[in-house]
Amino acid sequence: DSPVPTMASARLKYLSLGVLVFQTTSLVLTMRYSRTLQAEGPRYLASSAVVVAEVMKILACVVLVFKEHSYSMRALNSILRQEILHKPVETLKLAIPSGIYTLQNNLLYVALSNLDAATYQVTYQLKILTTALFSVSMLGRRLGVYQWLSLLILMAGVALVQVRLNQLQRRVNPSASGMQSSQFVGVTAVLVACCSSGFAGVYFEKILKESKQSVWIRNIQLGMFGFVFGLFGMLAYDGERVRESGMFQGYNTITWTVVALQALGGLVIAAVIKYADNILKGFATSLSIILSTLISYFLLQDFDPSSVFFLGAVLVITATFLYGYEGKPSANPSRA
Ligand code: C5P
């Protein structure tokens, strides 16, 4: 790591963050749209979309490695052999984050089939908390007062958003005491995804930082396992339907857009981990929350925000910025 960032790497950092804001916002909205508003014909299988996104991601990474080696087929062939086939232990290490990401990618479809885009995104910000906890326990990172404080604010914010969910639910069905079952399923899916996102993200970061390997090669290794796990998941969960109508049943332009955005996400997140860091990744997601809430409200009319929701969302976003605040402007360079 060079201590003084060059102009080019600073540009790549903000470019990757900008693309992440765009990618997160469009993925959440198109995924929600594809799971709910579209009525005609059979709905595509989410488990199949996860597999197709992995294939796209692997292809894109192979092209990037090809480019890194001046478009030489021979060099591409030898680097893939050398780094993937001839280092089975290194390759196997990626099976762990990959399996967890595959589960997570499937859970996100469950979440967005049951929750509106804004509630989903704000609740999913709890992954900042899990990422912090895993960074402390697995990478030995130390957090400052502002960072712990911001995590408390984050939890308060997410709790407020959940309060609004319950209020809305009681208005629809006054006799119900808890959450509607679909909301319960959605929220549970998001909470499990928060744990997996934190663990897999930190694990991937650990692997990246322990070696000098190109991030695209790492992503190919990750994607290969993702493809295998995803395929098993699809056959186990939707096997019968796949045998009846094929894995591409219900695919249309929107589905392909969702899949392409999901694949793009894998590339951008890897780039953000490389050129920026996980804290900045949190900033980008918070910006994307503001954007998708506004779009969800004005364009899709999918969501009825209340003042409690807004207060919750403001707390979550404040927390994200507060989390990134400490460390950079600090005068005493006491580092862990
Ligand atoms: O929400 P979160 O940041 O955990 O999302 C991570 C997403 O990025 C997952 O869909 C995961 O499959 C993908 N990813 C990837 N390659 C990486 C890291 C994450 O495709 N190197």
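Looking at (1) more than 17 Å from residue 100 (Cα to Cα); (2) within 9 Å of the ligand (Cβ to nearest atom), which is the only condition residue 204 fails?
Unmet condition: (1).
For residue 314, all conditions in the list (1) modelled with pLDDT of 70 or more; (2) open to solvent by less than 70 Å² (accessible area, probe 1.4 Å); (3) among the β-branched types (Val, Ile, Thr) hold save one; what is the number of the exception?
Here residue 314 clears every test but (2).
Can you find, within the range 207-216, the residue that is surrounded by the most Cβ atoms within 10 Å (Cβ to Cβ) among those that are within 11 Å of the ligand (Cβ to nearest atom) and closer than 15 Å to residue 79 by Cβ?
Just the residues of the range 207-216 that are within 11 Å of the ligand (Cβ to nearest atom), to begin with: 207-208, 215-216.
From the residues that got through so far, the ones that are closer than 15 Å to residue 79 by Cβ too are 215-216.
On the way: 215: 16, 216: 21.
The selected residue is 216.
Out of (1) open to solvent by 60 Å² or more (accessible area, probe 1.4 Å); (2) over 18 Å from residue 214 (Cα atoms); (3) among the hydroxyl-bearing types (Ser, Thr, Tyr), what's the single condition that is false for residue 71?
Every condition holds for residue 71 apart from (2).
Within the range 130-154, count every residue that is under 30 Å from residue 307 (Cβ atoms) and surrounded by 15 or more Cβ atoms within 10 Å (Cβ to Cβ). I'd like the intermediate steps shown before the answer.
In the first step, residues of the range 130-154 are kept if they are under 30 Å from residue 307 (Cβ atoms); the result is 130-132, 145-154.
Filter again for surrounded by 15 or more Cβ atoms within 10 Å (Cβ to Cβ), leaving 130-132, 146-147, 149-151, 153-154.
Residues meeting the conditions: 10.
Among the residues of the range 133-151, write down those that are among the aliphatic types (A, V, I, L, M) and in contact (Cβ under 8 Å) with a residue 24 or more places away in the chain. Steps first, answer last, please.
Of the range 133-151, the ones among the aliphatic types (A, V, I, L, M) are 133, 136, 138-139, 143, 145, 149, 151.
Hits for the range 133-151 are 133, 138, 139, 145, 149, 151.
How many residues, within the range 7-65, are of a type in the set (Asp, Glu) and closer than 18 Å to residue 268 by Cα? Full working, then the answer.
Of all residues in the range 7-65, those of a type in the set (Asp, Glu) come to 40, 54.
If we keep only those that are closer than 18 Å to residue 268 by Cα as well, we get 54.
Qualifying residue count, the range 7-65: 1.
Tell me which of these residue 44 doesn't satisfy, since it passes every other one: (1) touching a residue at least 24 places away in the same chain (Cβ under 8 Å); (2) part of a helix (DSSP H, G or I); (3) over 29 Å from residue 138 (Cβ atoms); (4) open to solvent by less than 60 Å² (accessible area, probe 1.4 Å).
Every condition holds for residue 44 apart from (2).
Just checking, how many residues over the range 224-271 are more than 15 Å from the ligand (Cβ to nearest atom), surrounded by fewer than 20 Cβ atoms within 10 Å (Cβ to Cβ), under 16 Å from residue 107 (Cβ atoms) and touching a residue at least 60 places away in the same chain (Cβ under 8 Å)?
2
Being in contact with a Pro (Cβ under 9 Å, 6 or more places away or on another chain), open to solvent by less than 60 Å² (accessible area, probe 1.4 Å) and either within 25 Å of residue 125 (Cα to Cα) or not in a helix (DSSP H, G or I) (or both) is the requirement here; does residue 13 meet it?
Values: in contact with a Pro (Cβ under 9 Å, 6 or more places away or on another chain): yes; open to solvent by less than 60 Å² (accessible area, probe 1.4 Å): yes; either within 25 Å of residue 125 (Cα to Cα) or not in a helix (DSSP H, G or I) (or both): yes.
Yes; evaluated as a whole, the condition is true for this residue.
The values are calculated or read from the model by the stated rules, or taken from the named source; none is laboratory data. Note that this is a predicted model, so its numbers are computed, not measured. Don't worry about glycine lacking a Cβ; one is built from the backbone with ideal geometry, like all the others, and counts go over all protein chains shown. Keep in mind that these areas ignore ligands, DNA and RNA; they rest on the heavy atoms of the full protein, side chains included. Shrake-Rupley method; radii C 1.70, N 1.55, O 1.52, S 1.80 Å.
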